[in-house]
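Shown next, in structure tokens, is the structure this report addresses.
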Amino acid sequence: MLQIECPWCGACDQSEFSYGGEAHIARPKTPADLSDQEWGDYLFNRENPKGWHREQWCHTAGCRRWFNAVRDTVTSRIKAYYQMGAIPPEEDVR
Amino acid sequence: MTKRYSIFSLARNALSHHENWREAWRSPEPQPEYDVVIVGGGGHGLASAYYLARNFDVGRIAVVEKGWIGGGNTGRNTTIVRSNYLWDEAAHLYEKSLQLWEGLSQELNYNVMFSQRGVMNLGHTLQDMRDIVRRSSANRLNGIDSEVLTPMDIKRRVPAIDVGPSARYPILGASFQPRGGVARHDAVAWGFARAADQLGVDIIQNCEVTGIRQVDGAVTALETSRGPIRTAKVGVVAAGHSSVMAAMAGLRLPIESHPLQALVSEPLKPVLDTVIMSNAVHGYISQSDKGELVIGAGIDAYTGYGQRGSYGIIEGNIAAIVTLFPSFSRVRMLRQWGGIVDVCPDACPIIGKTPVRGLYFNCGWGTGGFKATPGSGWVFAHTVAKDEPHSLNAAFSLERFYTGALIDEHGAAGVAH
């Protein structure tokens with residue numbers, strides 16, 4: 001059971017949260033202008049790092065807000081939390 | 001090297017108190033160059049190397065494995081083997097694999113303990129039953145054995161199961177594949193390793209690939225923890241670490257690596273002689289020859305390379321098992337673990353070429369790779385040797401994520417993604 005620190009509610013049990021996958025995948029503003037390769041890349045390809053991962057979480061059973069976290073995918077240690085739309089706290093986490 | 005296991009070799013070795021059995025495979029030093037290198041010494045990688053050596057004339061072959069062979073997902077799955085997938089392309093590939101399983105112990109001269117005790121997929125809602133009848137019919141149209149069972153059929157075959165009306169999601173029926181079953185997961189890795197070794201394949205353990213060298217868009221060598229290895233053909237079969245390998249070639253994959261957990265109970269007297277899977281209440285269970293109940297769960301939602309997951313998954317999974325088998329509520333669980341499954345958006349594998357010449361990937365098997373071990377090796381060997389996919393894996397290329405030709409097998413996969 002991970003302890004996840006919701007920026008609004010504080011540290012809560014992992015079971016209160018839903019996972020939202022890799023963060024910072026911007027939806028293309030003009031999808032019709034993309035090639036199939038670019039569209040497929042946006043839809044499906046992922047960094048899937050072994051190590052620090054910038055990802056999205058939602059406090060589904062609490063305030064129901066979304067936020068980002070930087071978590072190590074090997075140890076599950078979370079070293080940073082930041083708001084949706086904010087710049088990630090470190091330039092290079094990979 | 002003990003060339004062939006037989007009643008005679010058993011008797012001969014009994015005379016010397018079983019102290020003279022030879023190593024089942026060599027531990028050679030990596031050579032500076034090979035014609036083909038398979039990266040990943042799990043069941044799929046070893047099967048690929050074996051069929052490369054057996055079916056094709058590609059020259060010198062090596063398997064490099066960062067840990068010990070079969071130590072990844074091959075050693076961590078719930079051992080289920082079946083071919084009851086919905087779409088033609090998937091059904092044919094898994095059925096090829098099942099047919100290879102049926103002759104595998106003889107082929108490899110190694111007992112992989114393939115027990116065709118049948119696999120049941122339960123239906124708990126009207127839509128479950130529609131999906132079951134649809135999939136069962138599709139199987140039979142593809143020449144794959146399948147029956148649809150009533151609750152009474154199920155109860156007759158599985159006395160310990162609760163088919164009564166008081167369950168939260170009562171069982172309404174099931175699909176059944178009689179030729180499906182379970183196999184000894186470690187044995188299939190060791191069997192392929194020994195057979196590949198006897199055909200001259202170098203199996204190199206404790207050898208981690210740290211880089212892929214390219215010149216003009218073609219593979220030239222691998223950098224490893226035991227030195228560089230020159231080669232023009234690399235087949236990557238690294239399961240949960242596929243994205244890590246792809247990044248070494250400057251590629252991204254449509255894959256996410258998730259924990260997948262499983263657990264076994266204390267040994268019990270025989271109580272379950274088939275495999276039960278339920279999508280709806282979510283769990284799958286069989287009983288090993290040692291008497292342990294082998295139980296599997298859905299993936300943890302977050303990505304993870306730690307070979308462990310969160311306990312909430314286990315709690316939900318055991319609740320499902322106890323719903324199906326109330327008498328198991330007092331059984332003690334002995335051991336629990338996790339693997340790293342490379343999950344694909346359509347729950348189907350990626351087997352084929354990449355934009356880098358000489359670099360081939362066999363991955364994305366997600367939660368359902370074990371059953372495909374021989375079939376995966378069979379088609380990947382062809383793909384690497386001929387630089388073209390086999391007809392059975394042509395549909396499973398990376399390209400489908402750009403053309404939109406996905407093959408959705410989430411239902412047949414039977415494990416929550």
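The values are calculated or read from the model by the stated rules, or taken from the named source; none is laboratory data. Remember, predicted model here, so these are calculated numbers, not experimental data. Positions of Cβ are generated from backbone atoms using ideal geometry, with glycine treated the same way; all protein chains shown enter the neighbour counts.
Here A:GLU91, A:GLU55 are screened, and the one residue that is surrounded by fewer than 14 Cβ atoms within 10 Å (Cβ to Cβ) and either modelled with pLDDT of 95 or more or in a loop (DSSP other than H, G, I, E, B) (or both) is A:GLU91. A:ALA11 - would you say it is surrounded by fewer than 17 Cβ atoms within 10 Å (Cβ to Cβ) and free of Cβ contacts under 8 Å to residues at least 40 places away in the same chain? Taking the combined requirement at face value, the residue satisfies it. Within segment B:269-284, does at least one residue satisfy the condition of being under 22 Å from B:VAL81 (Cβ atoms), within 12 Å of chain A (Cβ to nearest Cβ) and out of contact with any Pro (no Cβ under 8 Å at 6 or more places or on another chain)? Checking segment B:269-284: not a single residue is under 22 Å from B:VAL81 (Cβ atoms), within 12 Å of chain A (Cβ to nearest Cβ) and out of contact with any Pro (no Cβ under 8 Å at 6 or more places or on another chain). Within segment B:81-137, restricting attention to residues that are of a type in the set (Gly, Ala, Ser) and not in a helix (DSSP H, G or I), the residue that is nearest to B:ALA405 (Cα to Cα) is B:SER83. Screening B:THR303 against (1) closer than 30 Å to B:ILE171 by Cβ; (2) touching a strand residue (DSSP E or B) at 6+ places or on another chain (Cβ under 6 Å); (3) not in a strand (DSSP E or B) leaves a single unmet condition, (1). Among the candidates B:GLY211, B:GLY191, B:GLY235, the residue that is assigned to a strand (DSSP E or B) and within 28 Å of B:GLN261 (Cα to Cα) is uniquely B:GLY235. Of the residues B:ARG179, B:ARG194, B:ARG168, the single one that is over 30 Å from B:LEU100 (Cβ atoms) and touching a residue at least 24 places away in the same chain (Cβ under 8 Å) is B:ARG168. Of everything listed in (1) at pLDDT below 95; (2) farther than 30 Å from B:GLY123 by Cα, the single unmet condition for B:PHE192 is (1). Tell me the helices (runs of 4 or more DSSP H) entirely within segment B:369-417 that contain at least 2 residues that are away from every other protein chain (no Cβ under 14 Å), in contact (Cβ under 8 Å) with a residue 24 or more places away in the chain and not aliphatic (A, V, I, L, M). Filter on segment B:369-417 gives B:373-386, B:410-413. The combined condition, being modelled with pLDDT of 95 or more, outside any strand (DSSP E or B) and more than 14 Å from every other protein chain (Cβ to nearest Cβ), is not fulfilled by A:GLY85. Only one of the listed residues (A:ALA80, A:ALA69, A:ALA23) is hydrophobic (A, V, I, L, M, F, W, C), surrounded by 12 or more Cβ atoms within 10 Å (Cβ to Cβ) and closer than 27 Å to B:CYS348 by Cβ. That residue is A:ALA23. Per the conditions (1) exposed (fewer than 13 other Cβ atoms within 10 Å of the Cβ); (2) facing another protein chain (nearest Cβ under 8 Å); (3) touching a strand residue (DSSP E or B) at 6+ places or on another chain (Cβ under 6 Å), the sole criterion not satisfied by A:ASP36 is (3). The selection criterion, being aliphatic (A, V, I, L, M) and either surrounded by 16 or more Cβ atoms within 10 Å (Cβ to Cβ) or free of Cβ contacts under 8 Å to residues at least 24 places away in the same chain (or both), holds for B:LEU253. The residue that is nearest to B:ALA381 (Cα to Cα), among those in segment B:12-45 that are surrounded by 12 or more Cβ atoms within 10 Å (Cβ to Cβ) and polar (S, T, N, Q), is B:GLN31. All of B:ARG357, B:ARG330 fail the test of being of a type in the set (Lys, Arg), closer than 30 Å to B:LEU172 by Cβ and surrounded by fewer than 24 Cβ atoms within 10 Å (Cβ to Cβ), apart from B:ARG330. Scanning segment A:1-30 for residues that are part of a strand (DSSP E or B), among the charged types (D, E, K, R) and within 14 Å of chain B (Cβ to nearest Cβ) returns A:ASP13, A:GLU22.
Within segment B:319-346, work out how many residues are outside any strand (DSSP E or B) and small (Gly, Ala, Ser).
Of the residues in segment B:319-346, 4 are outside any strand (DSSP E or B) and small (Gly, Ala, Ser).
For segment A:39-57, filtering for residues that are more than 10 Å from chain B (Cβ to nearest Cβ) and within 21 Å of B:GLU399 (Cβ to Cβ) leaves 1.
Mind checking which residues of segment B:203-235 are within 14 Å of chain A (Cβ to nearest Cβ) and in contact (Cβ under 8 Å) with a residue 60 or more places away in the chain?
Matches in segment B:203-235: B:GLU208, B:VAL209.
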